[in-house]
Structures are given as structure tokens and as C-alpha cells.
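Reviewing the structure listed below.
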Amino acid sequence: MLRLGFPTVGVADLERAVRFWTSALDLVDSPEWASDHWRTLEHADGSGRALGLMLSESPAERRPRVHLDLVVDTTAEQEAEVARLVELGAEKIDWDDYPPNPDFVVLADPDGNPFCVVDLSRAPSN
């Protein structure tokens with residue numbers, strides 16, 4: 001049976017990426033499949049795999065078609081998490097495609113991979 005696994009991010013500096021993502025999302029570096037080219041990050045509570053990091057020589061895309069959305073429940077949490085992620089090494093991106101009153105903030109990880117921090121309290125409703 002085909003199943004969806006977990007997202008994988010291509011990175012230029014594997015050790016730096018491990019430090020950033022484990023700190024950013026309270027994940028742990030797993031020995032599963034660990035190599036000079038791959039790391040599996042797991043949830044710290046032992047509930048399973050969360051993120052793959054793969055050494056990549058290709059540059060990060062400014063507007064990737066697939067990206068990570070990290071979610072919080074309030075605007076205050078979003079502001080605090082954005083500040084914490086920047087302190088960990090993320091960078092705010094000058095995003096020229098924000099809609100009016102956006103519910104998300106676009107950041108890039110230390111390798112330049114864009115991701116969003118989404119405030120679910122401001123997400124559009126149908």
C-alpha cells in the first residue's frame with residue numbers, strides 16, 4: 001500500500017540544518033538511515049519521523065512549488081515564533097506576493113529554503 005512519508009528538505013550544510021530544524025521544531029536527530037548525505041529527524045516525544053534532510057548541490061528555489069507550513073494558533077504565537085526562528089538562523093524574506101492582511105510570514109532556513117509560519121486564527125474561512 002502506498003503511503004505518504006514525510007517531507008524532505010535539500011540542504012547545503014547538513015549539520016547546520018540538523019541544528020536549525022531540531023531546535024526550531026523540537027525534533028531529535030535519529031540514527032535511522034544517517035549518513036554523510038542524509039538525516040532523519042523525529043518527534044522528540046517518540047511519535048515517529050517528522051522531517052528528512054538531504055545533502056543537495058542544487059540551490060534553494062526562491063519560490064518552490066512545495067514548501068513547509070509551520071502553524072501556530074494566535075498572532076502573538078506567530079510573532080514570538082518568527083522572532084525565535086530568526087534568532088536560530090532563519091531569515092525574513094522580502095516577499096512581494098503577500099495578499100492583503102496575510103495569515104502567514106515567509107522565512108528562509110539557513111540554507112535559503114523558504115517556509116511559512118501560519119497563524120491559524122487568521123486563516124481564511126469558507
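The values are calculated or read from the model by the stated rules, or taken from the named source; none is laboratory data. These numbers come from a predicted model, not from an experiment. Please note: Cβ atoms are built from the backbone with ideal geometry, for glycine as well, and neighbour counts cover all protein chains shown.
Within segment 60-93, being without any contact (Cβ under 8 Å) to a residue 60 or more places away in the chain, under 21 Å from Leu14 (Cα atoms) and not charged (D, E, K, R) holds for Ala60, Pro64, Val66, His67, Leu70, Val86.
Suppose we filter Arg84, Arg49, Arg63, Arg122 for residues that are surrounded by 15 or more Cβ atoms within 10 Å (Cβ to Cβ) and basic (Lys, Arg); which single one remains?
Details: Arg84 fails: surrounded by 15 or more Cβ atoms within 10 Å (Cβ to Cβ); Arg63 fails: surrounded by 15 or more Cβ atoms within 10 Å (Cβ to Cβ); Arg122 fails: surrounded by 15 or more Cβ atoms within 10 Å (Cβ to Cβ).
Within the list Arg84, Arg49, Arg63, Arg122, the selection yields Arg49.
Only one of these is under 25 Å from Leu4 (Cα atoms), not assigned by TED's automatic domain parsing to the domain that holds Ala17 and not β-branched (Val, Ile, Thr): Pro114, Pro99. Name it.
Numbers: Pro99 fails: under 25 Å from Leu4 (Cα atoms).
When all the criteria are applied, what remains is Pro114.
Arg39 satisfies every condition listed in (1) in contact (Cβ under 8 Å) with a residue 40 or more places away in the chain; (2) in contact with an Asp or Glu (Cβ under 7 Å, 6 or more places away or on another chain) except (1). Consider segment 103-126 and keep the residues that are in contact with a strand residue (DSSP E or B) (Cβ under 7 Å, 6 or more places away or on another chain) and assigned to a loop (DSSP other than H, G, I, E, B). The one that is farthest from Ala60 (Cα to Cα) is Asp103. Screening Glu15 against (1) touching a residue at least 12 places away in the same chain (Cβ under 8 Å); (2) closer than 17 Å to Pro110 by Cα leaves a single unmet condition, (1).
Look through Leu88, Leu27, Leu41 and report the one residue that is touching a Ser or Thr at 6+ places or on another chain (Cβ under 7 Å), among the hydrophobic types (A, V, I, L, M, F, W, C), at pLDDT 95 or above and not assigned by TED's automatic domain parsing to the domain that holds Cys116. Reasoning before the result, please.
Numbers: Leu88 fails: not assigned by TED's automatic domain parsing to the domain that holds Cys116; Leu27 fails: touching a Ser or Thr at 6+ places or on another chain (Cβ under 7 Å).
Among Leu88, Leu27, Leu41, only Leu41 is touching a Ser or Thr at 6+ places or on another chain (Cβ under 7 Å), among the hydrophobic types (A, V, I, L, M, F, W, C), at pLDDT 95 or above and not assigned by TED's automatic domain parsing to the domain that holds Cys116.
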